[in-house]
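K.L.:
Before we start, here is the structure in question, set down as structure tokens.
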Amino acid sequence: MIQTAAPTSNRNLGTALAGVLVASGRCIWRQVGLALRTGGGRIGLPLVALYLTLALFGPLLAPYPATEFHLTHQLSPPSWTFLLGTDEYGRDILSRLMTGARSIILISSLGAALGIVLGALVGMSSAYKGGKTDEVIMRVMDGLMSFPSLLLALLVLTTLGANAQNIILTIGVVFMPRVARVMRSATLSVKALEFVQSARLRGESSFYIIFREILPNTVPVLTVEASVRLSFAILLASSLGFLGLGVQPPSPDWGLMISESRRFLTAAPWVALAPAGAVATLVIGVNLLAEGIRQAQRLPKMEEELS
Amino acid sequence: MLRFLTRRISLILVTLLVVSLAIFLVTEVLPGDVANMVLGQGATPENLAAVRKQLGLDTPAYARYLSWIGHALQGDLGTSYVQRLPIAHIIAGRLGNSIILAAFAFLVSVPSAVAIGVWAGIKRDSWGDQVVSVASLVAISLPEFVTGVLFILLFASVLHWLPSSSILLPGTTPLDRPQILVLPALTLTGVLLAYIMRMTRANVIEVMQSNYVRTAILKGLPMRRVIWRHVLPNALLPTISIIAMNLGWMLGGLIIVENVFAFPGIGRLLLTSITSRDVPLLQAVALLIAATYAVSNLLADLSYSLLNPRIRLS
């Protein structure tokens, strides 16, 4: 039967978008809440929260300025004055870690977010349009993916110059085709469902259908993808820092700190261990949270079966 | 099959064409005048013009691209600006070293990853499976440079078992000093092993829940037979393409690992060419890495379709 209700998309565009944001936000929040009921989420979420706090307030909480030289305390081991020791210029490692948290977290989350937004837009519209358009768009995405991500990132950063803005852009470009693939297949499975068909028969615009009918129903896929992408982004950004193409000195960069620590690894291992531990726990936290979210998505279904 | 093969190979040629064009464009706009760099400070304008002419920098970009790609197809990759040596010559030795390292890591990680993955999948949620799951999550969370530095600290600084860097004398290969291969290969193995293992485990679990495995168990077949005849062939199928996919993915790891250990391979050469702005060398190495990636993707597809008759026809 053909429905004759008037299309709702003629209403204010702003309210429509706000509605989507609120609905998706509530759904993401619910997912994170559910993740707290899994082992991974219980450890991962506090770890991620700790680093988020550092990213927000790290430079304020740091005991010393990150670039201050304590020339009488070069390479001194961890002590009560310098909790994690000092590096070759006598800079306090704890302060450098706390200050560096902001740039690595900001860069990788903005980069991942850019990749997710671009990829979701491309993937959803490609799947929704279908046919030749879909074919062409996905070929272009395949072309982008035919570069190994680190090589592409290195080439782009060498050309554009290494700074925070370009690293974010690079991560976004590298992730876009990969997210687009995932979102395309998620959209294809939602597209065939009845409520999308009825919205189409109602005469809603493609914009309305993609954002109000399809997007909210791909949120579970999107949350998992976002958490996985975030951990890849941290790995990529810190690797670039290690190779010398990250945030430029003297601002502290975890990857670069590890790279520079190699010269006195035997004499002062704490210079390497502190940033290595920071990168490791941050990525482990994000991965545990991702694992928790993935497991949590199966929880409601399991409870239904049990009751 | 033949049609599938020609289609895939022609697709690869198109990909490589686009990739080479992209590499050329990206490296052509690199800041810094090459002629200036070759001659150093205090070069006269006449000398600069002469060098530009000699390097062919006075011709338009499309002509330079065509001549570059034309020569590259004949195996002539040009001359390095910095080392003043034929690039094919520089790359040949480095490529061999990288292949040895990658092969070493692959031979260690793939069999063990598949074995552990299958075991963990069959013993799902057991005590051992949970240990393996946590360990593999930690392994994929550690970037290669962190694992590498930790290995150096443990095996070179503390235990003094292995050398901390993989520097080689000119004219020797890693096989002459196999001990330098151990730490880089171990570092590469970590992530690879964890990744392939997790995929294998997931595949085994999926197959274990299928109806045909349930039927096999319920009709009273011995568990050993169910696993070897019903679970493994179906679970290992996607694993094979994952392994081939990782071949390309390992290239990224290779770039980092080689730089952690100063291992004289392609990845180290890539970074040296970037820092010294050696454009022809950078172009050649980038093209080589991209081509390897494309070929390993092709291998992934081929192996999958060879083993799975259901896709071959389409």
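K.L.:
Please determine, by comparing only the residues of the stretch B:124-156 that are in a loop (DSSP other than H, G, I, E, B) and surrounded by 14 or more Cβ atoms within 10 Å (Cβ to Cβ), which one is farthest from the other protein chains (Cβ to nearest Cβ).
P.N.:
Of everything passing the filter in the stretch B:124-156, B:R124 is farthest from the other protein chains (Cβ to nearest Cβ).
Results for (1) more than 28 Å from A:L273 (Cβ to Cβ); (2) away from chain A (no Cβ under 14 Å); (3) buried (at least 22 other Cβ atoms within 10 Å of the Cβ), shown as yes or no for each residue.
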{"residue": "B:V158", "(1), (2), (3)": "no, no, no"}
{"residue": "B:L162", "(1), (2), (3)": "no, no, no"}
{"residue": "B:P178", "(1), (2), (3)": "yes, yes, no"}
{"residue": "B:E206", "(1), (2), (3)": "yes, no, no"}
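K.L.:
Scan (1) crowded, with 17+ Cβ neighbours inside 10 Å; (2) within 26 Å of A:Q197 (Cα to Cα) for the single condition A:A162 breaks and write down its number.
P.N.:
(2)
K.L.:
Checking the structure you have, find out if any residue of the stretch B:235-248 is under 28 Å from B:D176 (Cβ atoms), buried (at least 24 other Cβ atoms within 10 Å of the Cβ), among the hydrophobic types (A, V, I, L, M, F, W, C) and within 14 Å of chain A (Cβ to nearest Cβ).
P.N.:
Checked against the condition, which is being under 28 Å from B:D176 (Cβ atoms), buried (at least 24 other Cβ atoms within 10 Å of the Cβ), among the hydrophobic types (A, V, I, L, M, F, W, C) and within 14 Å of chain A (Cβ to nearest Cβ), the stretch B:235-248 yields no hits at all.
K.L.:
Residue check, A:G100 against (1) assigned to a helix (DSSP H, G or I); (2) modelled with pLDDT under 85; (3) within 14 Å of another protein chain (Cβ to nearest Cβ); (4) within 22 Å of the chain's Cα centre (by Cα), all met but one. Which one?
P.N.:
Here A:G100 meets the rest and fails (3).
K.L.:
Restricting to the stretch A:121-144, count the residues that are within 9 Å of chain B (Cβ to nearest Cβ) and either under 21 Å from A:S206 (Cβ atoms) or touching a helix residue (DSSP H, G or I) at 6+ places or on another chain (Cβ under 6 Å) (or both).
P.N.:
Number of matching residues: 1.
K.L.:
Only one residue in B:A286, B:A291 is of a type in the set (A, V, I, L, M), surrounded by fewer than 18 Cβ atoms within 10 Å (Cβ to Cβ) and within 12 Å of another protein chain (Cβ to nearest Cβ), so which one is that?
P.N.:
Of B:A286, B:A291, the one residue that is of a type in the set (A, V, I, L, M), surrounded by fewer than 18 Cβ atoms within 10 Å (Cβ to Cβ) and within 12 Å of another protein chain (Cβ to nearest Cβ) is B:A291.
K.L.:
May I pose another question? Testing A:L152 on (1) over 27 Å from A:Q248 (Cβ atoms); (2) surrounded by 17 or more Cβ atoms within 10 Å (Cβ to Cβ), one condition comes back false. Which one is that?
P.N.:
The number of the failed condition is (1).
K.L.:
If you scan the stretch A:243-266, which residues turn out to be touching a Gly at 6+ places or on another chain (Cβ under 6 Å) and assigned to a helix (DSSP H, G or I)?
P.N.:
Listed by number, the residues that qualify are A:W254, A:G255, A:L256.
K.L.:
With the checklist (1) farther than 29 Å from A:G285 by Cβ; (2) crowded, with 24+ Cβ neighbours inside 10 Å in hand, flag the one item B:L107 doesn't pass.
P.N.:
In the conditions (1) farther than 29 Å from A:G285 by Cβ; (2) crowded, with 24+ Cβ neighbours inside 10 Å, B:L107 misses (2) alone.
K.L.:
Six or more apart or on different chains, Cβ atoms under 6 Å: show the pairs whose first residue is in the stretch B:177-201 and part of a helix (DSSP H, G or I) and whose second is modelled with pLDDT of 85 or more and charged (D, E, K, R).
P.N.:
What qualifies is B:T187/B:E144.
K.L.:
Please tell me if A:T159 is within 14 Å of chain B (Cβ to nearest Cβ) and either on the phi > 0 side of the Ramachandran plot or more than 19 Å from the chain's Cα centre (by Cα) (or both).
P.N.:
yes
K.L.:
Can you find a residue in the stretch A:255-266 that is more than 7 Å from chain B (Cβ to nearest Cβ), touching a Pro at 6+ places or on another chain (Cβ under 8 Å), at pLDDT below 85 and farther than 25 Å from A:L151 by Cα?
P.N.:
no
K.L.:
Which is at the interface with another protein chain (Cβ under 9 Å from one of its Cβ atoms), more than 27 Å from B:S136 (Cα to Cα) and either surrounded by 23 or more Cβ atoms within 10 Å (Cβ to Cβ) or among the basic types (K, R) (or both), of A:L288, A:L282, A:L245, A:L235?
P.N.:
Criteria check complete, one pass: A:L245.
K.L.:
Next question. When B:Q41 is evaluated against the numbered criteria (1) exposed (fewer than 12 other Cβ atoms within 10 Å of the Cβ); (2) over 22 Å from A:L151 (Cβ atoms); (3) at pLDDT 70 or above, which criterion, by number, is the only one it fails?
P.N.:
The single condition B:Q41 does not satisfy is (3).
K.L.:
Hey, another quick one. Just to verify a result, which residue in the stretch A:50-85, among those that are modelled with pLDDT of 75 or more and of a type in the set (S, T, Y), is surrounded by the fewest Cβ atoms within 10 Å (Cβ to Cβ)?
P.N.:
The qualifying residue surrounded by the fewest Cβ atoms within 10 Å (Cβ to Cβ) is A:T53.
Residue-wise test of (1) closer than 24 Å to A:S231 by Cβ; (2) in a loop (DSSP other than H, G, I, E, B); (3) modelled with pLDDT under 75; (4) out of contact with any strand residue (DSSP E or B) (no Cβ under 6 Å at 6 or more places or on another chain).
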residue	(1), (2), (3), (4)
A:A18	no, no, no, yes
A:A23	no, no, yes, yes
A:R30	yes, no, no, yes
A:G44	yes, no, no, yes
A:V48	yes, no, no, yes
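K.L.:
Any residue at all in the stretch B:274-282 that is buried (at least 18 other Cβ atoms within 10 Å of the Cβ), within 14 Å of chain A (Cβ to nearest Cβ) and of a type in the set (V, I, T)?
P.N.:
Yes, there is a match, as at least one residue in the stretch B:274-282 is buried (at least 18 other Cβ atoms within 10 Å of the Cβ), within 14 Å of chain A (Cβ to nearest Cβ) and of a type in the set (V, I, T).
The values are calculated or read from the model by the stated rules, or taken from the named source; none is laboratory data. Predicted model only: the values in this text are computed from it and were never measured. As a convention, Cβ positions derive from the backbone with ideal geometry for all residues, glycine included, and neighbour counts pool all protein chains shown.
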